[in-house]
Amino acid sequence: MSRGITLVMDSSASPLLLALEKDGKIYTARRKGIKQEKLLFPLLRKLLVKAQAELQDISRICIIRGPGRFTGIRIALTFASMLQMLRNTQVYGATLFEVLHSQVTASRDYRAWKKNHPNGALAVVLHAFREEYFLQIFDKSNKGPQWLSREELLSQLAAYTEPLFVAGTDKEFAPLEGLLGTTYPLAAYKDCRVRAQTLIGFTQDDKWTRQALEPLYLKPARFELITPK
């Protein structure tokens with residue numbers, strides 16, 4: 001009888017990422033396509049067969065709760081909620097910003113940069129839509145993530161008063177060099193894509209259960225309502 005396995009998934013954008021961890025071994029699959037509701041269960045069944053496990057063996061699940069495609073985020077949240085309700089599965093959740101922060105700050109390049117720039121901060125930049133981007137800067141102010149135009153993004157980065165180390169991806173998950181050039185030190189590309197191992201590691205810390213089923217939906221500033229004072 002299985003001791004229980006961990007499932008992690010990222011359905012925030014294409015490709016869909018699924019991985020199972022059982023007895024220390026990780027089974028990973030990625031599948032391109034925007035209709036992830038049709039891809040999820042066939043891909044999951046293949047992983048369960050490889051792991052010689054059943055759906056009811058899943059005792060923990062870690063999901064990406066945003067930002068990204070509205071439908072993609074809802075798929076992960078709905079599936080995790082279903083497992084929690086039917087199987088009492090423990091749910092963990094993190095944002096893409098938090099995942100990349102975890103991966104990049106553990107890298108040798110970032111640690112060396114931080115040693116030389118103790119007041120510096122990590123900025124995570126992710127392409128949102130057309131010429132628009134998501135941005136979160138991890139510093140003492142703890143300001144939440146934003147959805148900005150390309151011009152607004154570049155302006156905010158340039159106006160930041162402390163050194164910045166930048167991580168993330170551009171359109172079609174391309175590296176950020178095309179957007180930022182050599183203006184800032186950039187994280188290694190391998191650290192800017194979600195790794196299954198990172199999400200599996202999050203299931204070892206209960207802090208990732210606190211907002212696990214709270215989606216992170218971001219809106220462009222020009223579409224947000226401003227309440228008169």
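Only the coordinates and a few stated rules stand behind these numbers; no lab work does. All values derive from a computational prediction rather than experimental measurement. For neighbour counting, all protein chains shown are included, and Cβ atoms are generated from backbone atoms with ideal geometry for every residue, glycine included.
Would you mind working out the magnitude of the charge dipole of region 97-192 relative to its Cα centre, with +1 at each Lys and Arg C-beta and -1 at each Asp and Glu C-beta, to the nearest 20 Debye? List each step's numbers first, then the result.
Values: 10 positive and 12 negative charges, 81 e Å.
Around 380 debye, computed over region 97-192.
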Helix 150-159 versus the longest principal axis of the chain: what is the Cα-based angle in degrees, 0 to 90, to the nearest 10? 60 degrees
About its Cα centre, what dipole magnitude does the chain give when the only charges are +1 on Lys and Arg Cβ and -1 on Asp and Glu Cβ, stated in debye to the nearest 20? 580 debye
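Taking Cα pairs under 8 Å and at least six residues apart, what relative contact order does region 97-192 come out at, in percent? Please list the in-between numbers first.
On the way: 137 pairs, mean separation 28.7, N = 96.
For region 97-192, the relative contact order is 30 percent.
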For the chain, calculated [θ]222 nm from helices alone, where every DSSP H run of n ≥ 4 adds -39500 (n - 2.57): -9500 deg cm²/dmol
Which whole-number percentage describes the relative contact order of the chain, with Cα contacts under 8 Å and a sequence gap of 6 or more? 21 percent
Once both axes come from the Cα atoms, what is the angle between helix 96-105 and the longest principal axis of the chain, in degrees from 0 to 90, rounded to 10? 80 degrees
Under 17 Å from the Cα of LYS32, which lysines turn up, not counting those fewer than eight places away in the same chain? LYS46, LYS171
Would you mind telling me the antiparallel percentage of the DSSP bridges in the chain, rounded to 5? 60 percent
Could you work out the per residue convex hull volume over the alpha carbons of region 97-192, in cubic angstrom? 91 Å³
